[in-house]
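Working notes, structure below.
The values are calculated or read from the model by the stated rules, or taken from the named source; none is laboratory data. Quick caveat: nothing in here was measured; it's all calculated off a predicted structure. Every residue, glycine among them, receives a Cβ derived from its backbone with ideal geometry; neighbour counts consider all protein chains shown. Ligands, DNA and RNA are excluded from the accessible area calculation, which covers all protein heavy atoms including side chains. Shrake-Rupley method; radii C 1.70, N 1.55, O 1.52, S 1.80 Å.
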Amino acid sequence: MTTHRQRSFIATLSTPSGRFGFLDQLHSVFYADPQRTFTWTGISIPSAGHMLGHVNEKLTSEPLKLYVRFTEGGYILYVRSKAHFGKCIGYKNGYFGAFDPKEQSPAKFGLEAVGVADGASGQEIQLGGGAILSRLISLDTGKPLALREQTLSYYRNKAWRSRPVTCIAAHGAQAMDFHVNVLETNSAYLSHPDEI
């Protein structure tokens, strides 16, 4: 019988077309979080940089590195990339992003191999097996992660402007395929390195 740790792994996720990552990695402008809330202490404009997004161009940034933690209820993803390290991938207001696990519950996912014939089993997740083409299914919504445009505000030349940005949502025009490249298996949970 395998343990949760034995079924957990560290991997990079990339897409066959373009680059997948956080908005602050993919874009050179500060996007305002569309879900900001009013505070009595004054006007503060939080960044949307923690939201997951996609651009069609090939960028030179590193692929997103995640700790894929197995649980009985599905996989939970924790960020191992420098940007947003230690945060969990959560689901809020229709979109996915990096959140502090103390403030936002992590989203749960299933991995589904792409291009597998009916009745056949998918490729096993294993170290050194090369990148596996997969879909991430949000177990919170029952749908695969997808691309969806969202109009976000940004500040440039002393004025607020807006433009559409491709974000990662639980439903959208196009379901996403990911290359899952396993870097390390039997990986320890971030805050419990001695677990079995």
Subset tally (residues that are assigned to a loop (DSSP other than H, G, I, E, B) and open to solvent by less than 70 Å² (accessible area, probe 1.4 Å)) for segment 1-15: 5
Residues of segment 154-185 that turn out to be surrounded by 14 or more Cβ atoms within 10 Å (Cβ to Cβ), over 17 Å from Val55 (Cα atoms) and among the polar types (S, T, N, Q), as a count: 2
Hits in segment 142-159 - residues which are part of a loop (DSSP other than H, G, I, E, B) and closer than 19 Å to Ile89 by Cβ: Gly142, Leu145
Long-range neighbours under 6 Å by Cβ, at least six apart or interchain, first residue farther than 19 Å from Leu145 by Cβ and at pLDDT 80 or above within segment 20-49, second open to solvent by 70 Å² or more (accessible area, probe 1.4 Å) and assigned to a strand (DSSP E or B): none
Scope segment 87-116; condition open to solvent by 20 Å² or more (accessible area, probe 1.4 Å), farther than 16 Å from Ile10 by Cα and of a type in the set (A, V, I, L, M); matching residues: Ala113, Val114, Val116
Members of segment 92-108 that are part of a loop (DSSP other than H, G, I, E, B) and within 18 Å of Ala169 (Cα to Cα): Asn93, Gly94, Gln104, Ser105, Ala107, Lys108
Candidate set from segment 56-86 (those that are hydroxyl-bearing (Ser, Thr, Tyr) and surrounded by fewer than 17 Cβ atoms within 10 Å (Cβ to Cβ)); member that is nearest to Phe109 (Cα to Cα): Thr71
Where a residue in segment 137-158 is among the acidic types (Asp, Glu) and its partner, wherever it lies, is assigned to a strand (DSSP E or B) and modelled with pLDDT of 85 or more, with Cβ under 9 Å and at least six apart: Asp140/Gly74; Asp140/Tyr91; Asp140/Phe109; Glu149/Pro164; Glu149/Val165; Glu149/Thr166; Glu149/Cys167
Flag if Ile89 is modelled with pLDDT of 90 or more, more than 27 Å from Ile45 (Cβ to Cβ) and part of a strand (DSSP E or B): no
Close pairs (6 angstrom Cβ cut-off, 6 or more residues apart or separate chains): of a type in the set (Gly, Ala, Ser) in segment 103-115, part of a loop (DSSP other than H, G, I, E, B) anywhere: Ala107/Asp140; Gly110/Leu139; Ala113/Gly122; Ala113/Gln123
Residue check for Phe85: farther than 21 Å from Leu147 by Cα and hydrophobic (A, V, I, L, M, F, W, C): yes
